[in-house]
Each structure stands twice: as C-alpha cells, then as structure tokens.
1. Looking at (1) out of contact with any helix residue (DSSP H, G or I) (no Cβ under 6 Å at 6 or more places or on another chain); (2) more than 12 Å from the ligand (Cβ to nearest atom); (3) part of a loop (DSSP other than H, G, I, E, B); (4) of a type outside the set (Phe, Trp, Tyr), which is the only condition Gln159 fails?
2. Which one of these is charged (D, E, K, R) and within 18 Å of Val73 (Cα to Cα): Asp115, Asp185?
3. Just a yes or no: is a residue in segment 194-202 within 18 Å of the chain's Cα centre (by Cα), acidic (Asp, Glu), surrounded by 19 or more Cβ atoms within 10 Å (Cβ to Cβ) and within 15 Å of Thr68 (Cα to Cα)?
4. Pick from Gly260, Gly224: which is under 19 Å from Pro108 (Cα atoms) and either at pLDDT below 95 or in contact with an Asp or Glu (Cβ under 7 Å, 6 or more places away or on another chain) (or both)?
5. Please state which of the following conditions Ser178 fails to meet, knowing it meets all the rest: (1) under 18 Å from the mean Cα position of the chain (by Cα); (2) surrounded by fewer than 16 Cβ atoms within 10 Å (Cβ to Cβ).
6. Name the residue that is surrounded by the fewest Cβ atoms within 10 Å (Cβ to Cβ), counting only residues in segment 203-249 that are aliphatic (A, V, I, L, M) and more than 8 Å from the ligand (Cβ to nearest atom).
7. Between a first residue in segment 217-241 that is within 13 Å of Trp117 (Cβ to Cβ) and a second residue that is more than 7 Å from the ligand (Cβ to nearest atom) and of a type in the set (Lys, Arg), which pairs have beta carbons less than 6 Å apart while being 6 or more apart in sequence or on different chains?
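The values are calculated or read from the model by the stated rules, or taken from the named source; none is laboratory data. This is a predicted model, so every value here is computed, not measured. Don't worry about glycine lacking a Cβ; one is built from the backbone with ideal geometry, like all the others, and counts go over all protein chains shown.
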Amino acid sequence: MRRWRTLLAILAAVVTAATMSPSPAAASDPVTPYVVGGTRAAQGEFPWMVRLSMGCGGALYSPTLVLTAAHCVSRTGANTSITATLGVVDLQSSSRITRRSNYVYRAPGYNGNGDDWAFVRLASPVTGIATLPIVTSTAYDSGTFTIAGWGAASEGGSQQRYLLKATVPFVSDATCNSSAMYGGDVIAAEEICAGYTSGGVDTCQGDSGGPMFRQGASGWVQVGIVSWGDGCARPNKPGVYTQVSYFSAAIRSAATSLGG
Ligand code: ARG
C-alpha cells in the first residue's frame, strides 16, 4: 500500500514535470515557470556569473574585472556605487560573495548603437571562483549557445532570485537582418543573434551584460554579451548579443589597462 502510494507520488511528479517542462512554444503560457524557456542553473554550474546591482548581469573575466554591457553603465571613470554579487545561484544565499566597484570602463565610442561592452572593476579581487575566457576568433560564433541570468522570466516580468539558464541556436546575420526579423537594425560585424524562429527562449530585461557562451576547445568560452531584442522571446525576434570575437583585442587591452 505504502509502496503504491510512493509510486503514485513519483508518477504524479513525473507527469507534472513533463507538463511544466519548458519548450519554445510554452513562452506565451502564463504559467511558464522559468525565464523564457529556461530552467534553474545548479550551484557551481556557471561559477563566473555575476549579478550587478544596477540590475544587469556580467561575467567574471579576471579576479577584479566583470565584463558587462556598455548600456548597463553610465560612463568611464571612478565608480564606487555598483555592488557585484557572485558565487551563488541564489542571490539571497548567505554564502554569496559581494564586492564594491571602484572603476567603470565603458567601450570607447559607445553611443547607444553597437560597442555594447564595458568592464566593472572590483575594489578587491575575488578568489576561488573560475573566470570565463572570451573567444579571440570567430571559430565559436555558431552552433548552440547557453544563456543565463537573473532577469525577467517573461516579457515584462520581475527579476529572479535564482539564476536561470537556457540554450539557444545561432541565427546568421542574413537571417537576423531579414525583413521578417530585424530588417537591417543589427550591426552585422559587431552583433550576433541567437534564438528560435518560433520564439519562446530568450534573455530578457535584467539579463543585459550577462554572457552568452558555449563549449570551446577546453571548456566554456564567452561568445556574446546580452545586448538587446524586440520584447523577449517573441517569434522572429532573436536576442541580439555583442559579438565578443569582434571586440576581443579591444577588450583584452582594456583589461590590461585596468590592471588585468
Ligand atoms: N536590454 C535588456 C537589458 O537591459 C536585455 C534585452 C535582451 N532582450 C532580448 N530579447 N534578448 O536587460
């Protein structure tokens, strides 16, 4: 009797999980539990994920540098107003690590269109947390990407306490700039698109600045920075990401000038 009840409970859980399992088509479903087709990341899965207090994401590039989006910061210069939270998927966790910023470097030439990358420098280094290397060529600018963040779980939704993740396929510049999609608004050389034609899986407000990454020759590499999109997870509106490969030399030299 007890065993049957256990079995029934397990069956019910499996059925519930199957029903709730996110799929691209589930995005418009109001009960979709997680960001735009995502699921919860496991503690330690993406150790370099950073939450920034202005409501953006970032990736730990070095023990003192967080790579984020230019549109998340106001200008280059001394800045002690940003708090970075790291080392946890649960932003409320008592084991979270926090650091104050001491400097912001915004991509030179940023004017709201392209050049969407920036560094936030931490007042003291973070130790014992893996960093995310950036790509230095276009070799990984295709395939399937992973996205993650604490941003809205649906268009117009609230910020998340737990880190969510999803995978999205590469979308070519030609397709992304076609009249069916962004009709020429994507800066092909500087930006890289990812998402499903049917929508349903995407980054969203509050994920900006966070990394888009994939497996490289020896582990994860950062291919993109969450930048913009028309709404979130809409059909024919893929997410648009800063194409890290295009800026890798500039990012590297900025990091050096900031002390590594
Ligand atoms: N600009 C947004 C932010 O500041 C991110 C938008 C990403 N949108 C998308 N549909 N992928 O958080």
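1. Here Gln159 clears every test but (2).
2. After applying the criteria, what remains is Asp115.
3. No, that holds for no residue.
4. None of the other options fit; the residue is Gly260.
5. So Ser178 meets the others, but not (1).
6. Ranking the candidates gives Ala217 first.
7. What qualifies is Val223/Arg214.
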